[in-house]
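The values are calculated or read from the model by the stated rules, or taken from the named source; none is laboratory data. The model shown is predicted, which means the values in this text are computed figures rather than measured ones. Cβ placement follows ideal geometry from the backbone for every residue including glycine, while neighbour counts extend to all protein chains displayed. Heads up: the accessible areas ignore ligands, DNA and RNA and are worked out on the full protein's heavy atoms, side chains in. Shrake-Rupley method; radii C 1.70, N 1.55, O 1.52, S 1.80 Å.
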Amino acid sequence: ESLFSKMFDLSRGAFFSLAGKEEVRTEPLTISSLVPLALRTLPRAIATQLVGAHLTNMAEFWLRHPLPSIAANEHSYMPQGSNLSVSRGFTSVPLNWLLWRGLNHHGFTEIASQLAESTVQMVADEGLREFYDADTGDGAGARSFGWSALALDMTR
């Protein structure tokens, strides 16, 4: 109930994180805005809105190597930062896996399949990396990053 009453912005059709004791809603549209797709109890109308308005939006998250950690049309999107502490917009296999599962559960199987194909190809090309550049697919961060092996689960 709190997720919907406090974090869902009806006018923007997405969820937003809360900051501080005051629970101030943050502004940037991030991958966290889509993570509720992983909830089996998410109402179909909200799942459809998240997928149609944001996840598959080529100006936001549906980039060449989806899904970046922040929407590409946000002013702070910067996937090729000089180091990971300033990079904003990298793609993470564990987050793709989580959203892939949610997409499949909510019946968006074609989109889930496209996400899986892109993720698996990115890992095949660059190896098990901590992050990937959402524009180029270049691997970044730790090498032999075990969590990126979740891409194997996406091949089924």
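Any residue in region 63-81 that is within 27 Å of Thr136 (Cβ to Cβ), open to solvent by 60 Å² or more (accessible area, probe 1.4 Å) and of a type in the set (S, T, N, Q)? Yes.
Within region 136-156, restricting attention to residues that are within 16 Å of Pro66 (Cα to Cα) and assigned to a strand (DSSP E or B), the residue that is modelled with the highest pLDDT is Gly139.
Might you let me know whether region 123-135 holds any residue that is more than 18 Å from Leu50 (Cα to Cα), at pLDDT below 95 and surrounded by fewer than 18 Cβ atoms within 10 Å (Cβ to Cβ)? Yes, that holds for at least one residue. Of all residues being open to solvent by 70 Å² or more (accessible area, probe 1.4 Å) and more than 17 Å from Thr109 (Cα to Cα) in region 39-62, which is modelled with the lowest pLDDT? Just the residue, please. If we take residues in region 39-62 being open to solvent by 70 Å² or more (accessible area, probe 1.4 Å) and more than 17 Å from Thr109 (Cα to Cα), then Thr41 is modelled with the lowest pLDDT. Among the candidates Ala72, Ala112, the residue that is of a type in the set (A, V, I, L, M, F, W, C), in contact (Cβ under 8 Å) with a residue 40 or more places away in the chain and closer than 24 Å to Leu29 by Cβ is uniquely Ala72. Test each condition in (1) among the aromatic types (Phe, Trp, Tyr); (2) closer than 23 Å to Tyr132 by Cα; (3) at pLDDT 95 or above for Tyr77 and report the one that comes out false. Only one criterion is unmet by Tyr77, namely (3).
Cβ separations smaller than 6 Å between residues 6+ apart or across chains give the following pairs from region 38-49 residues that are in contact (Cβ under 8 Å) with a residue 40 or more places away in the chain to residues that are open to solvent by less than 60 Å² (accessible area, probe 1.4 Å) and assigned to a loop (DSSP other than H, G, I, E, B): Ala47/His106. Suppose we keep only residues that are of a type outside the set (D, E, K, R) and surrounded by fewer than 19 Cβ atoms within 10 Å (Cβ to Cβ) within region 102-122. Which one would you say is farthest from Arg156 (Cα to Cα)? Here the answer is Gly107.
So for region 71-94 (the condition being among the aliphatic types (A, V, I, L, M), over 20 Å from Ala14 (Cα atoms), in a helix (DSSP H, G or I) and within 16 Å of the chain's Cα centre (by Cα)), does at least one residue qualify? Yes, there is a match, as at least one residue in region 71-94 is among the aliphatic types (A, V, I, L, M), over 20 Å from Ala14 (Cα atoms), in a helix (DSSP H, G or I) and within 16 Å of the chain's Cα centre (by Cα).
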